[in-house]
Amino acid sequence: MDLALEILPQVLVEGIVLGFMYALIALGYTMVYGVLEFINFAHSEIFVLGAFVGVEILLMLQSAGLLAVVHPAAVLLLIILAAMVVSGLAAMALERIAYRPLQGSPRLVALISAIGASFLLQDGLRLFESLWRNTFYLTYPTLDFLDRTVPLAANVVVPVKSILVVVTALVMLWGLNLFVNRTRIGAAIRAVAQDPDTASLMGVPVNRVIATTFFVGGAMGGLAGVLFGLHYSLVNPYSGFFPGLKAFTAAVLGGIGNIPGAMLGGMVLGMLEALAASYLSLATDGAFGAEYKDVFAFTALILILIFRPKGLLGEKVREDRA
Amino acid sequence: MTRFLAPIGLLAYISGSCLLAILYPQSVLAFLLFEASLLLLYYIPAHAKVKSTLAALVLVVLMPLLGTINGYYLEVAIQIGIYAALALGLNIVVGFVGLLNLGFVAFYAIGAYLWAIFGSPQANAFITGGGFPLAPYWFFIFLVLSIGVGALTGVVLGLPVLRLRGDYLAVVTLGFAEVVRALVNNLDKPINLTNGPRGISPIVKPPLFFRPVLEFFGLQITDAKLYPLYFYFLVLLVVCVIILVTRRLESSRIGRAWKAIREDEIAAAAMGVPVVRMKLLGFAVGASFASAVGVLFAAKQVFINPESFTFMESIGVLAMVILGGMGSIPGAILGATGVTILNLQLLKGLSLWLNGLRQSGAVLTLPLLGSYSLSQLPVQFEPAKYERMVFGLILILMMIFRPQGVLPPRREQRK
């Protein structure tokens with residue numbers, strides 16, 4: 001039991017980091033679900049794309065010998081912004097190419113197209129990296145100051161990169177909240193989510209609002225990708241699958257279409273996973289270990305859908321087509 | 001007039017392409033031409049009896065003949081058969097009932113592991129007595145048993161989740177498949193049920209009960225030659241049974257109820273269709289097909305591990321159904337044939353060709369771009385590894401340009 005208590009703070013930190021990561025990805029799912037009522041299955045690849053943009057820029061800076069010279073904060077800002085812009089634009093392109101032609105067709109059709117887009121992007125990224133670097137398993141260059149640790153309490157040390165994840169995510173979530181609730185375009189997004197036909201009658205340019213939603217959701221995904229890369233350092237074109245699926249679980253857990261819900265769902269799922277990964281083996285005397293954390297997340301999804309299909313904070317989707 | 005001419009023409013085509021495939025046993029093209037005869041057979045105007053005779057000629061006589069000349073063709077044919085059976089099962093769930101099941105491979109895995117565990121020494125790890133592997137004739141008992149087990153798992157999963165909205169259902173089934181895969185991957189401790197990532201082998205093959213008959217006719221065939229033929233006919237039999245069952249179901253009350261649910265769930269419920277029960281039935285039938293095919297797959301492969309049951313596999317089968325046309329039996333078979341040939345033959349062929357080019361060090365001269373030595377082509381670039389791209393392209397392009405598939409069901413065509 002002592003061991004359990006001893007590792008608890010570390011586990012909580014891990015859970016918070018995971019939670020913010022899931023929350024950022026979940027926003028992309030939930031916002032798109034809000035306006036279009038469909039699961040953007042390729043969002044996990046948008047997330048990975050962000051991670052790849054980050055690692056490519058870092059590797060280029062490294063080979064140019066600039067990584068040691070430029071101020072680390074500037075480097076971070078550069079890769080975060082670049083990843084957000086690239087991922088956002090990719091999400092917009094995806095919407096334009098794979099989803100918009102399908103508007104008005106049954107939901108299953110759009111979902112299948114999204115799955116196809118997800119697979120296509122995975123291998124597209126792999127193809128690009130194979131031709132470009134002759135490998136598609138990339139490692140983030142080490143940034144020294146990220147690996148430093150900050151002591152928080154007697155036996156709790158927090159790496160700087162964890163703090164970076166939390167702070168960046170908080171700033172972005174706060175910004176997103178302002179964007180959705182205080183700006184004209186945010187109001188338009190909410191209007192389209194509520195009723196696209198009426199919104200269109202009121203002069204809201206629905207297609208442009210949908211494109212904006214994809215951009216914002218994609219940018220959040222790209223940001224999560226860079227943070228994922230900085231934190232775990234290994235990325236490959238397929239590393240988006242599990243985070244994506246779990247983030248979707250988080251979105252459903254919080255109530256799909258509900259932005260604060262996605263944040264809450266992400267936190268809860270992250271915590272649950274960190275706790276399961278650390279304590280399952282302790283609780284069962286090593287019979288079941290951390291390898292069951294994915295099982296935990298999916299079982300959670302199935303249970304939520306059975307007992308509380310509208311999520312913790314209630315879903316915000318229109319009823320007509322549901 | 002065409003009713004008589006067409007079958008004769010087709011017969012000429014079949015014998016021609018078959019001869020071509022015999023003369024050029026390495027040629028993918030000849031094999032493709034031969035395979036295409038079945039598609040032509042579907043299209044030509046002829047009496048049903050004539051058609052089925054020709055189909056039997058191709059499948060029962062010519063295909064095994066080709067297989068004895070070039071074993072690889074038979075391997076491809078078996079793979080096509082297995083995928084066709086899976087696609088037919090998924091076709092019921094996606095095509096008839098209109099439920100998107102992204103975890104179809106889970107049921108396939110359950111069937112495969114069912115036979116793998118008891119048809120190999122693996123079961124000795126948790127059942128004392130050393131009575132395993134079971135004798136070969138148990139294979140047939142397990143084939144029947146797996147239908148029940150598959151249906152049961154389908155119902156157990158379906159009961160809680162079938163009330164969900166369609167897209168939620170897709171993700172839950174996906175999650176379920178990942179849970180099943182994680183379980184088979186990790187259940188080598190505390191009790192060694194599945195032997196984890198190392199997989200299970202050797203798995204017992206079905207019995208050669210007809211050996212005395214062959215010997216009576218003076219046929220001496222080695223086991224290595226006989227098993228592929230045997231599996232070919234087993235797979236053919238299973239596919240035929242599945243087609244028969246699916247056709248009967250489709251035109252029954254149940255099939256009409258499924259399609260009513262697919263078109264409009266609320267209207268179907270208002271008309272007295274027991275929606276949840278019918279959905280469950282569809283789910284269970286699809287699952288039972290998949291798990292029966294799984295038993296066959298395990299026996300054919302002799303070795304299985306969790307790698308064979310990834311999400312990719314589910315999407316592959318989905319791509320087959322979508323390509324052929326949701327709700328269409330010939331479509332599902334065509335989709336399975338097309339995607340399997342693409343994966344097994346075309347992409348692999350392309351990989352080999354590129355490798356050859358790379359080793360030969362040929363130089364490509366492009367106008368404006370200058371010359372490029374192909375030996376510089378990155379070794380990581382291998383077309384055979386890009387199945388996902390193929391599946392992805394199939395899914396997107398089909399959804400945008402032809403959502404009803406290549407061979408849409410006849411009833412829908414008439415509208």
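Each residue in region A:109-124 was checked for being of a type in the set (A, V, I, L, M) and surrounded by fewer than 21 Cβ atoms within 10 Å (Cβ to Cβ), and 1 pass.
Total residues in region A:56-83 satisfying the condition of being under 17 Å from A:V165 (Cβ atoms), at pLDDT 90 or above and small (G, A, S): the figure is 1.
At least 2 residues being within 13 Å of the chain's Cα centre (by Cα) and touching a residue at least 12 places away in the same chain (Cβ under 8 Å) is the threshold, and among the helices (runs of 4 or more DSSP H) wholly inside region A:194-284 those reaching it are A:206-232, A:241-254, A:259-283. Given the criteria in a helix (DSSP H, G or I), of a type in the set (F, W, Y) and surrounded by fewer than 21 Cβ atoms within 10 Å (Cβ to Cβ), does B:F34 qualify? Here the answer is no, as B:F34 does not meet what is asked. Scanning region B:183-209 for residues that are away from chain A (no Cβ under 14 Å), part of a loop (DSSP other than H, G, I, E, B) and in contact with a strand residue (DSSP E or B) (Cβ under 9 Å, 6 or more places away or on another chain) turns up B:G199, B:S201, B:I203. Summed over region B:318-350, residues that are under 14 Å from the mean Cα position of the chain (by Cα) and either crowded, with 24+ Cβ neighbours inside 10 Å or hydrophobic (A, V, I, L, M, F, W, C) (or both) total 19.
Are any residues in region A:155-189 assigned to a helix (DSSP H, G or I), farther than 30 Å from A:L143 by Cα and either free of Cβ contacts under 8 Å to residues at least 60 places away in the same chain or in contact with an Asp or Glu (Cβ under 9 Å, 6 or more places away or on another chain) (or both), and if so, which ones?
Passing the criteria: A:L178, A:F179, A:N181, A:R182, A:R184, A:I185, A:G186, A:A187, A:A188.
Of everything in region A:98-154 that is in contact (Cβ under 8 Å) with a residue 12 or more places away in the chain and polar (S, T, N, Q), the residue that is farthest from B:E382 (Cα to Cα) is A:T142. Remark: pairs (first residue in region A:301-317, within 9 Å of chain B (Cβ to nearest Cβ) and in contact (Cβ under 8 Å) with a residue 60 or more places away in the chain; second residue surrounded by fewer than 20 Cβ atoms within 10 Å (Cβ to Cβ) and not in a helix (DSSP H, G or I); Cβ separation under 9 Å; 6+ apart in sequence or on different chains) are absent. Taken over region A:188-200, residues that are loosely packed, with under 15 Cβ neighbours inside 10 Å and modelled with pLDDT of 90 or more amount to 1. Inspection of region A:305-314 identifies at least one residue that is modelled with pLDDT of 80 or more and buried (at least 24 other Cβ atoms within 10 Å of the Cβ). Would a scan of region B:139-156 turn up a residue that is of a type outside the set (S, T, Y), surrounded by fewer than 22 Cβ atoms within 10 Å (Cβ to Cβ), within 14 Å of chain A (Cβ to nearest Cβ) and over 30 Å from B:I221 (Cα atoms)? Taking every residue of region B:139-156 in turn, at least one turns out to be of a type outside the set (S, T, Y), surrounded by fewer than 22 Cβ atoms within 10 Å (Cβ to Cβ), within 14 Å of chain A (Cβ to nearest Cβ) and over 30 Å from B:I221 (Cα atoms).
Among the residues of region A:93-119, which ones are part of a helix (DSSP H, G or I) and either more than 8 Å from chain B (Cβ to nearest Cβ) or over 28 Å from B:L164 (Cα atoms) (or both)?
Within region A:93-119, A:A93, A:L94, A:E95, A:R96, A:I97, A:Y99, A:R100, A:A114 qualify.
Scanning region B:356-384 for residues that are at pLDDT 80 or above and within 27 Å of B:L318 (Cβ to Cβ) yields a total of 0.
Counting the residues of region B:99-125 that are out of contact with any Asp or Glu (no Cβ under 8 Å at 6 or more places or on another chain), under 30 Å from B:V172 (Cβ atoms) and outside any helix (DSSP H, G or I) gives 3.
Restricting attention to region A:139-151 and to residues that are outside any loop (DSSP other than H, G, I, E, B) and either within 12 Å of chain B (Cβ to nearest Cβ) or at pLDDT below 85 (or both), the residue that is surrounded by the most Cβ atoms within 10 Å (Cβ to Cβ) turns out to be A:L146. In region B:66-87 there is at least one residue matching the filter, namely being away from every other protein chain (no Cβ under 14 Å), among the aromatic types (F, W, Y), under 12 Å from the mean Cα position of the chain (by Cα) and not in a loop (DSSP other than H, G, I, E, B). For the criterion of being away from chain B (no Cβ under 14 Å), aliphatic (A, V, I, L, M) and more than 16 Å from the chain's Cα centre (by Cα), A:V160 passes. Of all residues in region B:16-56, those satisfying the criterion of being more than 15 Å from B:A6 (Cβ to Cβ) and touching a residue at least 40 places away in the same chain (Cβ under 8 Å) are B:C18, B:A21, B:I22, B:P25, B:Q26, B:V28, B:F31, B:L32, B:E35.
From the list B:A123, B:A87, B:A77, B:A109, which residue is buried (at least 19 other Cβ atoms within 10 Å of the Cβ) and free of Cβ contacts under 8 Å to residues at least 24 places away in the same chain?
B:A123
The values are calculated or read from the model by the stated rules, or taken from the named source; none is laboratory data. Note that the structure is predicted; figures quoted are calculated from it, not measured. Virtual Cβ from ideal backbone geometry, glycine too; neighbours counted across all protein chains shown.
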